[in-house]
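Data block below; observations after.
Rule-based calculations on the coordinates, nothing more; no lab input. Bear in mind the structure is a predicted one, so any value in this text is a computation, not a measurement. Methodologically, a virtual Cβ is constructed for each residue, glycine included, from the backbone with ideal geometry; neighbour enumeration extends over all protein chains shown.
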Amino acid sequence: ETGVTQSPTHLIKTRGQQVTLRCSSQSGHNTVSWYQQALGQGPQFIFQYYREEENGRGNFPPRFSGLQFPNYSSELNVNALELDDSALYLCASSLVQGSWEQFFGPGTRLTVL
Amino acid sequence: AQSVTQLDSQVPVFEEAPVELRCNYSSSVSVYLFWYVQYPNQGLQLLLKYLSGSTLVKGINGFEAEFNKSQTSFHLRKPSVHISDTAEYFCAVRQGGSEKLVFGKGTKLTVNP
């Protein structure tokens with residue numbers, strides 16, 4: 001069984017640019033959540049997608065957006081990057097909406113200069 | 001809003017000593033509680049969870065935690081740690097009806113020989 005995978009592993013961008021991060025869910029999982037983990041902090045919930053629809057959002061501005069595809073893979077898009085967007089971005093998939101267990105990927109380390 | 005407090009940011013211990021990592025959360029109304037471990041450059045791995053029932057829960061790698069509703073605590077314990085337990089540990093809570101996990105800031109456990 002393939003776990004959650006994320007790409008790229010690392011990324012360096014400059015302020016004002018746009019970035020797309022990708023996530024492939026664990027096989028059979030139809031729900032994906034995205035988290036931002038700043039250095040020295042715990043992960044913070046960005047949003048969740050279920051069957052290609054946004055289903056719950058944390059306290060993040062609209063320049064953070066996402067997509068979920070029919071194969072349940074997902075993208076996180078961030079526009080107009082700011083220095084504070086530098087963080088580890090984690091994707092987590094779960095079998096069904098409301099499932100208690102989320103399986104996390106290794107993350108994408110984004111650095112904004 | 002739900003919040004999670006991990007009282008110790010760093011815990012150094014010697015190998016084979018017992019350890020307790022403390023976690024308090026803000027609301028005891030219909031919550032699900034989790035402990036995750038994060039090894040360097042990796043995603044989060046679920047150690048254990050409390051959903052309902054027995055307040056003492058056992059997880060992987062010899063860890064256990066006790067749910068205390070009156071003290072709104074969910075402390076993680078291990079009677080004898082190994083060098084390989086060196087990692088960062090995150091306590092998380094999910095409130096019933098919400099899709100998001102709320103994490104604490106993490107406790108860095110360092111096991112010394």
Förster radius 41 Å - calculated FRET efficiency between B:SER52 and A:SER7, Cβ distance, rounded to 0.05: 0.65
Which whole-number percent is the relative contact order of chain A (Cα, under 8 Å, 6+ apart)? 37
Rounded to 5, the percent of DSSP beta bridges in chain A classed as antiparallel: 90
Of the chymotrypsin sites (Phe, Trp or Tyr not before Pro) in segment A:1-101, those whose Cβ has at most 10 other Cβ within 10 Å and which sit in DSSP loop: none
If you wrap a convex hull around the alpha carbons of the protein assembly as shown, what volume per residue comes out, as a whole number of Å³? 123
Row for segment B:60-101, column shape: gyration tensor on C-alpha, a ≥ b ≥ c, rounded if a/c < 1.5 i.e. under 1.5, prolate if a/b over b/c, else oblate; value oblate
Cα-only radius of gyration and Dmax that characterise chain A, units Å: 13.1, 39
Which lysines, if any, have their Cα less than 25 Å from the Cα of B:LYS78, not counting same-chain residues under 8 positions apart? B:LYS49, B:LYS58, B:LYS69, B:LYS105, B:LYS108
GNM, chain B, Cα, under 10 Å: largest mean-square fluctuation among B:GLN95, B:GLN38, B:GLN71? B:GLN71
Loop sites in segment B:1-98: GluC sites (Glu not before Pro), DSSP, at most 16 other Cβ within 10 Å: B:GLU15, B:GLU16
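Can you give the Rg to Rh ratio for chain B, taking only C-alpha atoms and Rh from Kirkwood?
Working: Rg = 13.4 Å, Rh = 14.1 Å.
In chain B, Rg relative to Rh is 0.95.
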Please work out the Cα center distance from segment A:10-69 to segment B:61-107, rounded to the nearest Å. 23
Low-density loop trypsin sites (Lys or Arg not before Pro), segment A:19-103, at most 13 other Cβ within 10 Å, DSSP non-H/G/I/E/B, are A:ARG51, A:ARG63
